[in-house]
1. Among all residue pairs at least 6 apart or on different chains, which show Cβ distances below 6 Å where the first residue, located in region 1-27, is over 23 Å from G44 (Cα atoms) and the second is surrounded by 10 or more Cβ atoms within 10 Å (Cβ to Cβ)?
2. Being surrounded by 11 or more Cβ atoms within 10 Å (Cβ to Cβ), in contact (Cβ under 8 Å) with a residue 60 or more places away in the chain and not β-branched (V, I, T) is the filter here, so list the residues in region 60-80 that pass it.
3. Across region 11-36, what is the total count of residues that are surrounded by 10 or more Cβ atoms within 10 Å (Cβ to Cβ) and under 23 Å from M1 (Cα atoms)?
4. Sort through A11, A51 and tell me the only one that's in a helix (DSSP H, G or I) and at pLDDT below 85.
Amino acid sequence: MDVLALAEHDAHPGEAFIRPVMRAGCRMEPPAPLMALRQRALAGYTHLPQALRGLDNGAAYRVAVSSALQELAGKVDRGAP
């Protein structure tokens, strides 16, 4: 299962999928070597359940939204600051 959460409020085990890579038009880290990217992709793939590895008729994958993110979304929907 994936959890959509605010990085500064919610502590969840696992790895963040989204992180800053550019700031003020500059890379924050040097580019990773192609072999390292390949190994990371393969490691992620092997951790997927078998039912999610194919491209056809994939199984449903559960995604949860943290309470802090739900609260923020509600404020935005209401136009609250």
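1. Here the result reads H9/A68, each pair linking region 1-27 to a residue that is surrounded by 10 or more Cβ atoms within 10 Å (Cβ to Cβ).
2. Within region 60-80, Y61, A64, S66, A68, L69, L72 qualify.
3. Residues meeting the conditions: 1.
4. Selected residue: A51, the only one of A11, A51 that is in a helix (DSSP H, G or I) and at pLDDT below 85.
The values are calculated or read from the model by the stated rules, or taken from the named source; none is laboratory data. What you are looking at is a predicted structure, and each value in this text was computed from that prediction instead of being measured. Note that we place each Cβ from the backbone using ideal geometry, even for glycine, and neighbour counts take in every protein chain shown.
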